[in-house]
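Undergrad: This is the structure, below, for whatever I ask next.
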Amino acid sequence: MIITFTCILRRGSVLSRAVRGGRRADMPKPVRESEALILRSIPLGEADRLVSFISRNEGRMRGVASGARRTKSRFGSTLELFSYVRIWFYERETRELVRINQCELIESFLEAQRDYSVSLALALVSEVTEAVLGEHEVAEPNFRLLLVIARAIKAGAKLPLALAYFAFWTVRLGGWMPALDRCSRCGAPLTDRASMARSGLFCPNCTLPGQRAISQEALQLARRMAGEKLEQLMKAEPAAAAVDEVKDQMLNLIEQHIEKKLQTRKMLADESEQLQ
């Protein structure tokens, strides 16, 4: 009996130290607060929503908003696509999804999305962002880029220009942008015809079969995007052909790096053709 009682005491001592000095793996961490943009929100079960969002402090994350689909939900319209919110959430060390406690709306872009083309454009921006950013990868520059794009579209920016600027800076922030003034193979200045591929920009002498040509007008616009704000480009109204070329070239690079086609890109292209 003495031995048994001693074992119980020892076992209890170990347990007490574990409770005092450690944390159970499934215990929630303290609630965190951050600014965020909602990238996607889909139904989950009967009353919840699965939410993908990019936090200014924490990067891209996914979480569950319990009861968000109920009529009198505390979340209201804060989980709509591209809602700019202040979000409160917590996570468990053994769970991939965080638990979203509360959202407070800072700025809404819902009204602009009544235009179907705008809703498709923002859906493309969201799809690209989810594809290029890993979960919990801190990406504050990407967060600021998304906010710039959403506000520009809300203010009436032409969709091709906004998407071209977004795609250009996504490629640049991803570290995939080649030098825009010289050949990636021989280093010669790109003053004449050039071609673009995943491996870089090439002069006529270094271009390989199958590489897509890029005009000097598009290259000049890309160089401007590297140094000018979107607002400045909106006022300058660059040629539509150059804008479309930059947009398509950058989206091609993104698709090559993520190794899949962007679904909303085709939907937006089909919509644009119908409007012409």
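The values are calculated or read from the model by the stated rules, or taken from the named source; none is laboratory data. Please read all numbers here as calculations on a predicted model, not as lab measurements. All Cβ positions, glycine included, derive from the backbone under ideal geometry; neighbour counts span all protein chains shown. Accessible surface is based on the protein model in full, side chains and every heavy atom, while ligands, DNA and RNA are left aside. Shrake-Rupley method; radii C 1.70, N 1.55, O 1.52, S 1.80 Å.
Undergrad: Would you work out the relative contact order for the range 44-101, in percent, from Cα pairs under 8 angstrom that are 6 or more residues apart?
TA: Here the relative contact order equals 31 percent.
Undergrad: Let me ask something else. Calculated from DSSP H runs of 4 or more alone, at -39500 (n - 2.57) each and per residue, what is the 222 nm mean residue ellipticity of the chain, nearest 500? Can you show the working numbers first?
TA: Numbers: 8 runs with 118 residues, N = 276.
Result for the chain: -14000 deg cm²/dmol, rounded to the nearest 500.
Undergrad: With the alpha-carbon atoms as the only input, what is the per residue convex hull volume for the range 215-276 in Å³?
TA: Dividing the Cα hull volume of the range 215-276 by its residues yields 108 Å³.
Undergrad: Looking only at the range 141-170, which residues have a backbone nitrogen under 14 Å from a spot 7 Å from the Cα of Ala240 in the C-beta direction?
TA: In the range 141-170, the label zone of Ala240 (backbone N under 14 Å from the point 7 Å along Cα→Cβ) covers 158-161.
Undergrad: Accessible area of the range 29-139 with a 1.4 Å probe: how many percent of it is carbon plus sulfur?
TA: After summing per-atom areas, the C and S share lands at 43 percent.
Undergrad: Go through Ile87, Ile42 and list them by solvent-accessible area, largest first, probe radius 1.4 Å.
TA: From most accessible down to least: Ile42, Ile87.
Undergrad: Express the relative contact order of the chain as a whole percentage, based on alpha carbon pairs under 8 Å and six or more residues apart in sequence. Can you show the working numbers first?
TA: Details: 434 pairs, mean separation 39.8, N = 276.
Relative contact order here is 14 percent.
Undergrad: In the chain, with Lys and Arg counted as +1 and Asp and Glu as -1 at Cβ, which of these residues, Thr191, Gly156, Gln263, has the Cα nearest the positive end of the dipole, that is, farthest along it?
TA: It is Gln263, whose Cα lies furthest towards the positive end.
Undergrad: Place a +1 charge on the Cβ of each Lys and Arg in the range 189-276 and a -1 charge on the Cβ of each Asp and Glu, then give the dipole magnitude about the Cα centre in debye, rounded to the nearest 20.
TA: Details: 12 positive and 13 negative charges, 63 e Å.
For the range 189-276, the charge dipole is close to 300 debye.
Undergrad: With springs only between Cα atoms under 10 Å apart, run a GNM on the chain and tell me which of Glu255, Glu245, Glu96 wobbles the most.
TA: Its mean-square fluctuation being the largest, the pick is Glu96.
Undergrad: Separate question: By how many degrees, 0 to 90 and rounded to 10, does the Cα axis of helix 116-132 deviate from the longest principal axis of the chain?
TA: 70 degrees
Undergrad: Can you tell which of Gly134, Gly187, Gly200 shows the greatest fluctuation in a Gaussian network model of the chain with Cα springs below 10 Å?
TA: Answer for the Gaussian network model of the chain: Gly187.
Undergrad: Follow-up question, since we're still on this one. So, in nm, how far is label Ala179 from label Asp192 when the simple model puts each one 7 Å beyond its Cα toward the Cβ?
TA: Simple spin-label model gives 1.9 nm for this pair.
Undergrad: What part of the accessible area of the range 182-276, given as a whole %, is carbon or sulfur when the probe is 1.4 angstrom?
TA: Working: 2750 of 5650 Å².
Within the range 182-276, the accessible surface is 49 percent carbon and sulfur.
Undergrad: Under the definition of Cα pairs under 8 Å and six or more residues apart, what whole-number percent is the relative contact order of the range 119-180?
TA: 37 percent
Undergrad: Over 23 Å between Cα atoms: which of Lys158/Lys247; Lys154/Lys235; Lys154/Lys260; Lys158/Lys266; Lys158/Lys229; Lys154/Lys247 fall into that group?
TA: As for pairs spanning more than 23 Å Cα to Cα, those are Lys154/Lys260.
Undergrad: Report the Cα centroid-to-centroid distance between the range 33-74 and the range 151-180 in angstrom, as an integer.
TA: Going from one Cα centre to the other spans 26 Å.
Undergrad: I've got another one for you. What do you get for Rg/Rh over the range 60-177 if you use C-alpha atoms and the Kirkwood form of Rh?
TA: Ratio of gyration radius to Kirkwood radius for the range 60-177: 0.98.
Undergrad: Next question, about the same structure. Calculate how steeply helix 140-154 sits against the longest principal axis of the alpha-carbon atoms of the chain, using the helix alpha-carbon long axis, and give the answer as 0 to 90 degrees to the nearest 10.
TA: Rounded to the nearest ten degrees, it is 60.
Undergrad: Taking the Cα centre of the range 134-242 as the origin, how large is its charge dipole in debye, to the nearest 20, when only Lys and Arg (+1) and Asp and Glu (-1) carry charge on their Cβ atoms?
TA: Numbers: 14 positive and 9 negative charges, 29 e Å.
The dipole of the range 134-242 has a size of about 140 debye.
Undergrad: Please get the size of the charge dipole for the chain, origin at its Cα centre, with Cβ charges of +1 on Lys and Arg and -1 on Asp and Glu, quoted in debye to the nearest 20.
TA: For this selection, approximately 1360 debye.
Undergrad: Would you mind getting the accessible area per residue of the range 231-276, heavy atoms of the protein chains only, 1.4 Å probe, in Å²?
TA: With the other protein chains kept in place, the range 231-276 gives 63 Å² per residue.
Undergrad: Going by alpha carbons, how many degrees (0 to 90, nearest 10) lie between the helix axis of 2-21 and the longest principal axis of the chain?
TA: 30 degrees
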